[in-house]
Amino acid sequence: MEITRDIKYIGVNDKEIDLFEEQYPLKYGMAYNSYVIIDDKIAVLDTVESKFSDEWLENLKNAIGNREPDYLIIHHMEPDHSANIMDFAKKYEHAIIVSTEKSFSMMEQFFGDGFAKRRMIVAENDTLPLGKHVLSFKIAPMVHWPEVMVTYDKYDKVLFSADAFGKFGTNDIEDDWEHEAARYYFGIIGKYGEQVNKLLDKIKSLDINIICSSHGMVLKGDLDNYIEHYRKWASYEADIDGVAIIYTSVYGNTKKAVKNLAERLHLNDCTIITHDLSRCDPHAALTDAFRYKKTVLATTTYNGEIFPKMREFINMLCERNFKNRTLGLVENGTWSPNAIKTMKKMLERSSGISYLENCVSIKSALNDESEKQLKALSDELCKK
Ligand SMILES: Cc1cc2nc3c(=O)[nH]c(=O)nc-3n(C[C@H](O)[C@H](O)[C@H](O)COP(=O)(O)O)c2cc1C
Ligand SMILES: [Fe+2]
Ligand SMILES: [Fe+2]
């Protein structure tokens, strides 16, 4: 696949994989992107996941014909992009590996070889001329590992952005970028918003026509839309004006209350989404907690605390720097409801969390009293 006249796509689609990084469910597999720039010199950008070594080397061969690559640029040492460095280095003995100093020490850890004799260490704003194409490098620590860098090609105005702007899903299906890019972002990079913003600041001054991420489709056209989403996500700003209701229920009464709340909100033209943590992909729920302006957490009291799936969920939120949000809380308990207190205590780890005035405390099943609380919560959620 041609991205520009000189830049070709040589990545692979993994259609078999069910869980990315062993935890993110994949409906449409995963793409590991790799590119080659063919100029006076040839530069290969990243490798792919280990089981696709042969397919990737074949793609490369098809793109460059009888020529040999001069450089292999490594943006990120996570194995989904770096697994085939050794295979490449053995096949193309004269090629130089280009990466950050941190990457080379990771290479040594992974492969027992830091490529001392055939490496080019690059740092912020260093350049690599290939002919017409002159590449420059920007470091992007913690987007998503500490050694990450991105590459800008001034000639074709392409940013090779490593994991940034990446998404789940193979590249042979048509889907919208936003949903799966958000799930990828909040699951994998979400904790590092500050560092993502630093990268966005760095690329602001670049004239970019195309973003080539290491996962998902090549982004062209209205790049401001993608960048604006990233800016909001990195700044922990909600980008959906609505309410996410995330709940657990053992015997069904908390679920009934959630349905009741959802109906009330729906009648008030509120955009809502609900997630049952016992059944849903918790990372989809996590993503919506970050994206929706308001979130309601509803759970049962469980051994004096809260249902394990909710505990795990709140831990996931806090681990990813969940902040600056307004939450509504609903609890249920049969002898001594304690879920609201437990949730608030857990969320003390997060900064900028405020709570709606109205919360709901259910004793076993909704009654007049708790239904009144639910109505008050609904009214408060509907206020702008
Ligand atoms: C394993 C287990 C532990 C529980 N621990 C408590 C508890 O410590 N305090 C309490 O008030 N209720 C406790 N409950 C009861 C539930 O919180 C209560 O029945 C609630 O109404 C269930 O709501 P649901 O219908 O949405 O599942 C426990 C229930 C289970 C299954
Ligand atoms: Fe990564
Ligand atoms: Fe990746």
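The values are calculated or read from the model by the stated rules, or taken from the named source; none is laboratory data. None of the values given here were measured: they were computed from a predicted structure. Methodologically, a virtual Cβ is constructed for each residue, glycine included, from the backbone with ideal geometry; neighbour enumeration extends over all protein chains shown. Side chains included, ligands, DNA and RNA excluded: accessible areas come from the protein's heavy atoms. Shrake-Rupley method; radii C 1.70, N 1.55, O 1.52, S 1.80 Å.
Quick look at the numbers
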read-out: Burial ranking of peptide ranges 8-15, 212-219, 240-247 (average Cβ count within 10 Å, highest at the top); value: 212-219, 240-247, 8-15
read-out: Relative packing of 220-229, 79-88, which averages over residues the other C-beta atoms within 10 Å, highest first; value: 79-88, 220-229
read-out: Neighbourhood net charge (14 Å Cβ-Cβ; Lys/Arg +1, Asp/Glu -1) for N338; value: +3
read-out: Rounded Å value of the spacing that divides the Cα centres of region 213-247 and region 65-122; value: 32
read-out: Proportion of all alpha-carbon pairs of region 268-367 beyond 23 Å (%); value: 21
read-out: Point-to-point label distance, K90-T4, nm (Cα→Cβ direction, 7 Å offset); value: 3.5
read-out: Long-range amide H partners of D126 with built H, under 5 Å; value: F137
read-out: Set of aspartates and glutamates with alpha-carbon distance to K293 below 18 Å, sequence-local pairs under 8 removed; value: E178, E228, E237, D239, D241, D269, E357, D379, E380
read-out: Spin-label pair A365/K220, simplified geometry with 7 Å Cα→Cβ offset, distance in nm; value: 6.0
read-out: Flagged links, alpha-carbon separation over 18 Å, of K15/K61; K132/K154; K138/K202; K15/K51; K255/K363; value: K15/K61
read-out: Debye log10 I(q)/I(0) at q = 0.15, 0.20, 0.22 Å⁻¹ for region 1-124, Cα point scatterers; value: -0.68, -1.14, -1.31
read-out: Pair T334, D113: separation of 7 Å Cα→Cβ label points (nm); value: 6.3
read-out: Student exercise, region 7-234 dipole from Lys, Arg, Asp, Glu Cβ charges, in Debye to nearest 20; value: 640
read-out: Shape of region 7-234, Cα gyration tensor, a/c cut at 1.5; value: rounded
read-out: Selection from L135, N315, N59, by position along the positive dipole direction of the chain (Cβ); value: N315
read-out: Cβ-placed point charges (K, R +1; D, E -1), dipole of the chain about Cα centre in debye, nearest 20; value: 1180
read-out: Amide H contacts under 5 Å for V296, placed H, 5+ residues apart; value: A244, I245, I246, G328
read-out: Amide proton proximity set for Y355, modelled H, under 5 Å, gap of 5+; value: L327
read-out: Accessible area expressed per residue, the chain, with surrounding protein chains retained (probe 1.4 Å, Å²); value: 44
read-out: The chain: antiparallel DSSP beta bridges as a percent of all, rounded to 5; value: 40
read-out: Portion, in percent, of the accessible area of the chain that falls on carbon or sulfur, probe 1.4 Å; value: 47
read-out: Mean residue ellipticity (222 nm) of the chain, computed from DSSP H runs ≥ 4 via -39,500 (n - 2.57), nearest 500; value: -10000 deg cm²/dmol
read-out: Rotationally averaged projected area of the chain (alpha carbon convex hull; nm²); value: 20.0
read-out: Using θ = phi - 60° and Karplus 6.51 cos²θ - 1.76 cosθ + 1.60, couplings along region 346-361 (whole Hz; Gly, Pro as x); value: 4, 7, 4, 5, 9, 9, x, 8, 10, 10, 5, 5, 8, 10, 10, 10
